[in-house]
Amino acid sequence: MARKKVQVSSRLFLGQASNYRAKDVLKHTFAIGSKKCSNNLKQFLATSYHAKPENVLLMANGRSALAQALQTLLEPGSGVIINGFTCYAVVQAVKFAKMEPIYADIDEKTLNFDEKTLENAYKSHKNAKAIIIQNTLGITVDIKKIEDFAKKHHLIIIEDLAHCAGATYRDGRKVGSCGAAAALSFGKGKSLDAITGGALIMNDKTAKLKGQPATKHPKLSDTLRARFYPLLASIGRGFSKIHLEKYWYGPLIKLRFIERAVDAKLDYGHRLAHWQAKLVKKQLENLDKQGFTPIRTHRFVKDRGACLAELAKNGYNFREVWYDVPVSPVRYYKALNFPEKACPIATEVAQKIINLPTYYPYEKLNRAIKIIEKYEEKA
Ligand SMILES: Cc1ncc(COP(=O)(O)O)c(C=O)c1O
């Protein structure tokens with residue numbers, strides 16, 4: 001009897017630097033840069049976001065930029081309203097600044113808080129002094145409504161650009177140009193990706209930077225980790241094809257040759273490496289030319305475990321989900337005491353969301369989409 005031919009596509013990944021093509025890996029690993037590259041990036045960001053170059057800081061990561069913005073603009077003990085569907089890095093930044101994270105539930109359609117869920121969060125937390133807008137997966141908030149809410153309650157707006165650098169709000173304004181400060185992340189899998197790094201842009205009108213610019217050279221260990229991650233991850237993707245990836249990543253993580261993105265430390269002292277500044281500026285220029293595309297999109301499915309398993313069987317490793325708990329990842333979530341009752345939509349969305357990368361051609365994703373559709377929640 002003829003055996004049924006199973007067609008397995010080439011393996012596609014979400015995460016593990018899978019958005020780096022071979023030539024990007026080489027460019028990243030061997031990039032060189034000088035102080036001029038950092039100055040050029042600062043100037044570029046200043047021009048793009050209508051700020052003065054001296055109000056732009058290049059930093060070790062996005063969470064340090066967020067914490068620095070909070071400490072510059074607010075007093076310790078202030079409440080900071082954040083999206084109830086987020087990454088632990090945001091909570092870490094708020095706590096580092098000695099402030100209280102206040103979670104606002106989300107709207108299922110946008111994955112962001114809206115003026116109603118903000119009002120609910122504010123009612124029970126009158127110490128709130130700021131809102132961090134996240135624009136989850138590049139889906140933007142209704143900025144005008146958020147601004148009206150902020151004005152009514154005298155709250156400062158900070159824009160977190162980790163998911164949405166280069167995006168525009170529906171009213172045509174550039175994301176990052178509306179708040180008192182904008183924090184950018186250049187971390188793994190972000191819309192601007194240099195594996196690590198971040199920047200803070202302070203609005204000239206609202207604040208002068210109190211914080212000292214991060215001037216120390218990046219630590220050698222951090223630079224090496226950032227430099228070689230795309231290369232190590234591309235080898236790791238090879239190991240995944242023969243199901244041996246844990247023997248590759250396990251020792252590398254143990255030996256700290258690879259650091260999980262969420263485990264990064266806050267660091268005000270060390271700046272972004274000049275070579276990373278050069279790569280980020282190039283990506284920003286491309287963004288300006290090509291327009292913004294989020295790095296991943298999302299769908300809602302009924303049995304995510306089964307769906308991910310079927311996807312994996314068919315060559316699609318999409319296990320890295322943003323976010324599989326309201327404040328991701330699970331190992332930090334457990335200790336957070338997240339108010340699931342006050343954020344029921346975020347709690348539900350975290351159970352059923354699945355992500356699709358946008359950096360593969362549609363034909364390659366076609367079969368993955370068909371699989372997801374079988375599990376998809378009908379509206
Ligand atoms: C929404 C959001 N904001 C900020 C950050 C912080 O980025 P970084 O890893 O550069 O500190 C992350 C990181 O994962 C994030 O997902």
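Just so you know, in region 155-170 the residues that are assigned to a loop (DSSP other than H, G, I, E, B) and more than 10 Å from the ligand (Cβ to nearest atom) include one that is nearest to the chain's Cα centre (by Cα), and it is Ala165. When Leu272, Leu279, Leu356 are checked against the criterion of being within 27 Å of Arg237 (Cβ to Cβ), touching a residue at least 24 places away in the same chain (Cβ under 8 Å) and part of a helix (DSSP H, G or I), Leu279 stands alone in meeting it.
Considering (1) at pLDDT below 95; (2) within 11 Å of the ligand (Cβ to nearest atom), the lone condition that Gln71 does not fulfil carries the number (2). Could you tell me whether Asn19 is within 16 Å of the ligand (Cβ to nearest atom), more than 30 Å from Ala335 (Cα to Cα), within 21 Å of the chain's Cα centre (by Cα) and in contact (Cβ under 8 Å) with a residue 12 or more places away in the chain? It is true that Asn19 is within 16 Å of the ligand (Cβ to nearest atom), more than 30 Å from Ala335 (Cα to Cα), within 21 Å of the chain's Cα centre (by Cα) and in contact (Cβ under 8 Å) with a residue 12 or more places away in the chain.
Count of region 250-303 residues, restricted to those that are farther than 24 Å from Ala31 by Cβ, more than 16 Å from the ligand (Cβ to nearest atom) and buried (at least 19 other Cβ atoms within 10 Å of the Cβ), is 1. The residue of region 171-191 that is nearest to Phe13 (Cα to Cα), among those that are assigned to a loop (DSSP other than H, G, I, E, B), near the ligand (Cβ under 10 Å from one of its atoms) and touching a helix residue (DSSP H, G or I) at 6+ places or on another chain (Cβ under 6 Å), is Lys188. Restricting Lys152, Lys144 to those that are more than 24 Å from Gln71 (Cβ to Cβ), away from the ligand (no atom under 16 Å from the Cβ) and free of Cβ contacts under 8 Å to residues at least 24 places away in the same chain reduces the list to Lys152. The combined condition, being among the small types (Gly, Ala, Ser), touching a residue at least 12 places away in the same chain (Cβ under 8 Å), surrounded by 14 or more Cβ atoms within 10 Å (Cβ to Cβ) and assigned to a helix (DSSP H, G or I), is fulfilled by Ala346. Residue count for region 262-276 under the criterion of being of a type in the set (Gly, Ala, Ser) and within 18 Å of the chain's Cα centre (by Cα): the result is 1.
Which of the residues belonging to region 236-251 are over 23 Å from the mean Cα position of the chain (by Cα), at pLDDT 90 or above and closer than 21 Å to Asn19 by Cβ? If the condition is that a residue be over 23 Å from the mean Cα position of the chain (by Cα), at pLDDT 90 or above and closer than 21 Å to Asn19 by Cβ, then Gly238, Phe239, Glu245, Trp248 are the ones that fit.
Ile106 - would you say it is within 13 Å of the ligand (Cβ to nearest atom), more than 30 Å from Ala273 (Cβ to Cβ), under 23 Å from the mean Cα position of the chain (by Cα) and in contact (Cβ under 8 Å) with a residue 40 or more places away in the chain? Yes.
Being closer than 27 Å to Val80 by Cβ, modelled with pLDDT of 95 or more and not aromatic (Phe, Trp, Tyr) narrows it down to one of Ala194, Ala233, so name that one. Of the residues listed, the single one that is closer than 27 Å to Val80 by Cβ, modelled with pLDDT of 95 or more and not aromatic (Phe, Trp, Tyr) is Ala194.
Going by the conditions given, is Ile235 in contact with a helix residue (DSSP H, G or I) (Cβ under 8 Å, 6 or more places away or on another chain) and within 13 Å of the ligand (Cβ to nearest atom)? When the stated conditions are applied, Ile235 does not pass them. Screening Ala130, Ala60 for residues that are closer than 27 Å to Ala194 by Cα and within 15 Å of the ligand (Cβ to nearest atom) leaves exactly one candidate, Ala60.
The values are calculated or read from the model by the stated rules, or taken from the named source; none is laboratory data. Just so you know, these numbers come straight off a predicted model, no measurement behind them. We place every Cβ from the backbone using ideal geometry, glycine too, and count neighbours over all the protein chains shown.
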